[in-house]
Structure formats: structure tokens, C-alpha cells
Amino acid sequence: MVGGSRAVLRPAIALAALALIWGAMLWLGGTGADRAILDALYDAGAPLRYAIAGAITHLGAYPVLVGFTLLGLVALLARGEGRRALLLALLVTSGPLFVELQKNWFGRLRPHDQHLVAVQSYAFPSGHSANSLLIWLSLALLVVEGPRRRWAIAGALVIALAVGLSRPMLGVHWPSDVIGGWALALFWMLFWSRLLGVPLTGAGTQARPAHSSAEGE
């Protein structure tokens, strides 16, 4: 009974913590610390860093993410993991839509007049940051199996971190937009995982019970 209560309580605490982080980033955006970090990262006078940031930021672009998600869906369906495929498809469609709804609802303005890449929407939360963490990490958790899974998770986190940092470097997002996007992505993954009953803690076919007929019982 105690173990069951803990299994319910931990995700609830995690969801509440992520919601609090998201709310703090919404409330504190554009304040002194936010602007100081932005000014330290902004790359208008550093052509090499700007070029690197401009290349990295494409890893959080929706067309790139959709392409890799389609490959992940094919792999899951080929293995007969329909529920994981459903969760992945739901995350890749609903997550970016939820981000855009929030952008239009809150209407936070971008931090700089001189944006180093083209932008067409409001600032909070950062779509590139949210979508890159949501989709790259979902692919690592839901699709990759075996010993490679740890490396896939680490790679997904590195990509999401790099994409997030690239946004203030290009002058198109406050740092709080980025952190808010990351918190939203983790919240969305955990929420739908719990709602659909599809765990994120292990990919692939579940282990065979110890009393299976293959053991002669």
C-alpha cells in the first residue's frame, strides 16, 4: 500500500514542481537577471558563435523533429509497440500546439529588435526549446532499446540544452522563455505518460514472467 502511494505521489510532485518552474519563468521574465544572462549570451558581435548557434537551432525546428519522429513511429510499429507509438504521436502533435496556444495567450514580446534569425510569433515559452526536449527525449525514451538507450538519453539532453542556449544567443528569446519551455516539455511528457499508462522508464518488450511455459511450468 505504501509503495503504491509513493508511485502515485512522486509523479504528482514532479508535475507540481515543473508547473511551479514554468510559472516562475512566466512571472520573472524580462527582469534584471533575465536581461543580464541574455546580454551575456547574445551573439550579434561574434560571427563564428552566431553561425554555430544558427546551425544548432535547426535541431529544434519542427520539420526536423517531425522527420525523426516518423522514423521512430515506424520503428515502434514494426516492433508491435502500438501504445508507445500512440504516445509518441500524441506528444509530437499536441506539444507544439500547446506551446503556440500559450504564446498567443501570454503575448510576451521578443527581447531584441535585432533578431539574428527570422521569428513570427511571441516569446513565451520558447517553441524550439520545448519541442526539442519533448521530441528528442521522447524518441530516446520510447524508441531506443538496450545499452544504447543511456547514450540516446544523454544525446537528447545535450541537443535540447544546445538548442535552448542557441535561442538567446540569437536574440530571439529570453532565458526564462527557454527554461519555461523545458519545464513545459517535461510536464507534457510526464502528464500524458501517466494518463495513457505508458511508462517512460523502459523501451521495448516487457520481460517475460518467471513462470512462463518456456521454462516448463
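Looking across region 1-49 at every residue that is aliphatic (A, V, I, L, M), surrounded by 11 or more Cβ atoms within 10 Å (Cβ to Cβ) and not in a helix (DSSP H, G or I), the one that is modelled with the lowest pLDDT is identified as ALA44. For region 91-113, a residue qualifies if it is surrounded by 18 or more Cβ atoms within 10 Å (Cβ to Cβ) and either within 13 Å of the chain's Cα centre (by Cα) or without any contact (Cβ under 8 Å) to a residue 24 or more places away in the chain (or both), and the qualifying residues are LEU91, VAL92, GLY95, PRO96, VAL99. Could you grab the pairs with beta carbons closer than 8 Å, sequence gap of 6+ or different chains, first residue in region 118-129 and in contact (Cβ under 8 Å) with a residue 12 or more places away in the chain and on the phi < 0 side of the Ramachandran plot, second one part of a loop (DSSP other than H, G, I, E, B) and among the hydrophobic types (A, V, I, L, M, F, W, C)? Pairs found: VAL119/VAL172; TYR122/LEU109; ALA123/LEU109; ALA123/VAL172; ALA123/TRP174; PHE124/TRP174; HIS128/ALA61. Just a yes or no: is a residue in region 172-180 touching a residue at least 12 places away in the same chain (Cβ under 8 Å), aromatic (Phe, Trp, Tyr) and outside any helix (DSSP H, G or I)? Checked region 172-180: at least one residue is touching a residue at least 12 places away in the same chain (Cβ under 8 Å), aromatic (Phe, Trp, Tyr) and outside any helix (DSSP H, G or I).
If you go through region 13-31 and keep only what is on the phi < 0 side of the Ramachandran plot and not hydrophobic (A, V, I, L, M, F, W, C), you end up with GLY23, GLY29, THR31.
Each residue in region 125-153 was checked for being within 19 Å of PHE187 (Cα to Cα) and either surrounded by fewer than 20 Cβ atoms within 10 Å (Cβ to Cβ) or in contact with a strand residue (DSSP E or B) (Cβ under 7 Å, 6 or more places away or on another chain) (or both), and 1 pass.
All told, LEU76 falls short of being surrounded by 15 or more Cβ atoms within 10 Å (Cβ to Cβ), in contact (Cβ under 8 Å) with a residue 60 or more places away in the chain and under 18 Å from LEU184 (Cβ atoms).
Quick grid of which residues meet (1) among the charged types (D, E, K, R); (2) modelled with pLDDT of 95 or more; (3) closer than 30 Å to ALA19 by Cβ:
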{"site": "HIS58", "(1), (2), (3)": "no, no, yes"}
{"site": "TYR62", "(1), (2), (3)": "no, no, yes"}
{"site": "LEU87", "(1), (2), (3)": "no, yes, yes"}
{"site": "ARG108", "(1), (2), (3)": "yes, no, yes"}
{"site": "TYR122", "(1), (2), (3)": "no, no, yes"}
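The values are calculated or read from the model by the stated rules, or taken from the named source; none is laboratory data. In this text, all values refer to a predicted model and were calculated from it rather than measured experimentally. Positions of Cβ are backbone-derived with ideal geometry, glycine not excepted, and every protein chain shown enters the neighbour counts.
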